[in-house]
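The values are calculated or read from the model by the stated rules, or taken from the named source; none is laboratory data. If you're wondering where the values come from, they're calculated on a predicted model, not measured in any experiment. Cβ placement follows ideal geometry from the backbone for every residue including glycine, while neighbour counts extend to all protein chains displayed. Protein only, heavy atoms only, side chains kept; ligands, DNA and RNA dropped before computing areas. Shrake-Rupley method; radii C 1.70, N 1.55, O 1.52, S 1.80 Å.
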Amino acid sequence: ENFLKYVDYDSAGRVRADKILSKECFDEWVKGRLTKPERPGVSFRRALIGHVRGFDRRPRKPFPPEVEAHLLVLLRRKIIWPCFEGTNIRIGERGFRIRGYHESRRLEKEKESTDTKRTICCENYAVYSILQNILELVQFSTHSRTPAGVFANVVINYYDPPVFFSILNAHFIHKVDFYGPKLYDSLNKNKRTDEMFTKEFLVPRFGSFDTAVEMEHIVLDLRGVCLAHTRSIFHENLVNTHWLSMQSSKLQEALRMIFILKRLSSGEEVWFRFIPKPSLTDANFKILLCRMNKGATCYNIAFQDVSVRYVHLFNKGVLQD
């Protein structure tokens with residue numbers, strides 16, 4: 001199975017593996033079989049993927065790393081392989097999701113290195129992570145005219161130092177990627193106009209509950225960690241879970257901070273709509289109308305499930321940033 005004869009190099013010396021998926025390569029592979037396969041397309045795919053992964057029903061010689069890397073780019077495109085164009089064979093249209101042989105080993109080594117580093121230096125890693133996020137916030141706070149700059153200033157100016165450090169640390173403890181560059185990029189560059197992620201929708205100035213619908217409650221400490229909650233909507237036990245990890249969208253929390261945190265800190269009662277992550281036992285998205293106030297030692301949130309009012313938004317299928 002000499003696929004490598006179809007590997008070329010461009011003028012810059014980079015590997016080009018396109019011809020491995022050509023009709024010429026496929027036809028030669030079929031002709032080289034001692035017994036003609038009943039389903040040549042499927043057999044060709046299995047043989048090729050076997051070399052990409054390094055095994056099939058038996059160990060197979062993997063491609064050289066540079067060939068595998070370009071092949072994975074080609075295989076992961078959701079298009080029918082060129083060798084099957086004009087036929088009824090649809091191989092390739094779903095893309096290739098499995099890792100390559102060299103890719104798997106590289107990721108395993110990286111994971112082992114990361115796990116070792118976290119085991120030995122977990123506390124130092126957490127401190128480093130917090131400091132890194134503080135530097136990012138300070139850097140972006142200097143750009144006061146950008147959405148990211150506004151967000152950074154709000155976080156720096158309106159959180160007490162212990163709360164500030166706790167929230168910065170939350171992404172490490174709860175694996176919440178919230179304060180990194182991805183959020184700033186989304187605030188600066190994402191021009192989305194989805195109705196669900198506008199200030200007017202997520203942070204209305206006023207609200208009112210439906211007296212015919214049961215109200216529920218959640219209590220957070222001043223760090224944003226859940227102390228208690230009712231269980232009919234939040235099916236899992238969320239006690240000791242950080243508020244940020246309940247979000248279905250980082251953008252909604254950014255908007256909440258920018259537009260209502262100052263009011264909340266000054267003792268005002270605030271309203272907002274909240275879209276939690278789907279639970280393990282209920283995969284449906286929900287929209288909650290929330291009323292929040294700040295006590296001496298905690299935040300109190302009363303809420304109702306108002307999803308039925310916004311079916312037209314769910315049908316759009318865009319709920320995460």
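Details
- Filter result for Arg33 (without any contact (Cβ under 8 Å) to a residue 12 or more places away in the chain, part of a loop (DSSP other than H, G, I, E, B) and among the basic types (Lys, Arg)): yes
- Within region 83-115, the set of residues being surrounded by fewer than 17 Cβ atoms within 10 Å (Cβ to Cβ), assigned to a helix (DSSP H, G or I) and not hydroxyl-bearing (Ser, Thr, Tyr) comprises Glu103, Arg105, Arg106, Leu107, Glu108, Lys109, Glu110, Lys111, Glu112, Asp115.
- Single unsatisfied condition, Phe285 versus (1) among the hydrophobic types (A, V, I, L, M, F, W, C); (2) closer than 21 Å to Val311 by Cα; (3) surrounded by fewer than 18 Cβ atoms within 10 Å (Cβ to Cβ); (4) touching a residue at least 12 places away in the same chain (Cβ under 8 Å): (3)
- Residue in region 185-208 that is closer than 22 Å to Cys298 by Cβ, crowded, with 19+ Cβ neighbours inside 10 Å and modelled with pLDDT of 70 or more present: yes
- Checking each residue in region 209-264 for being open to solvent by 20 Å² or more (accessible area, probe 1.4 Å), under 26 Å from Ser144 (Cα atoms) and β-branched (Val, Ile, Thr) picks out only Ile258.
- In summary, Arg77 fulfils each of the numbered conditions (1) in a loop (DSSP other than H, G, I, E, B); (2) in contact with a strand residue (DSSP E or B) (Cβ under 8 Å, 6 or more places away or on another chain) with the single exception of condition (2).
- Any hit, region 73-95, residues being among the small types (Gly, Ala, Ser) and modelled with pLDDT under 90: yes
Okay, residues lined up against (1) at pLDDT below 90; (2) under 24 Å from Arg16 (Cα atoms); (3) out of contact with any His (no Cβ under 7 Å at 6 or more places or on another chain):
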site	(1), (2), (3)
Asp27	no, yes, yes
Val30	no, yes, yes
Thr35	yes, no, yes
Gly41	no, yes, yes
Phe44	no, yes, yes
Arg53	yes, yes, yes
Pro59	yes, no, yes
Pro62	yes, yes, no
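- Within region 73-95, the presence of at least one residue that is of a type in the set (Lys, Arg) and over 25 Å from the mean Cα position of the chain (by Cα) is confirmed.
- Selection over region 300-321 of residues that are modelled with pLDDT of 90 or more, among the aromatic types (Phe, Trp, Tyr) and out of contact with any Phe, Trp or Tyr (no Cβ under 8 Å at 6 or more places or on another chain) gives a count of 0.
- In region 237-251 there is at least one residue that is in contact with a Ser or Thr (Cβ under 9 Å, 6 or more places away or on another chain) and modelled with pLDDT under 75.
- Region 44-71 - residue that is in a helix (DSSP H, G or I) and free of Cβ contacts under 8 Å to residues at least 12 places away in the same chain and, of those, most open to solvent (accessible area, probe 1.4 Å): Arg46
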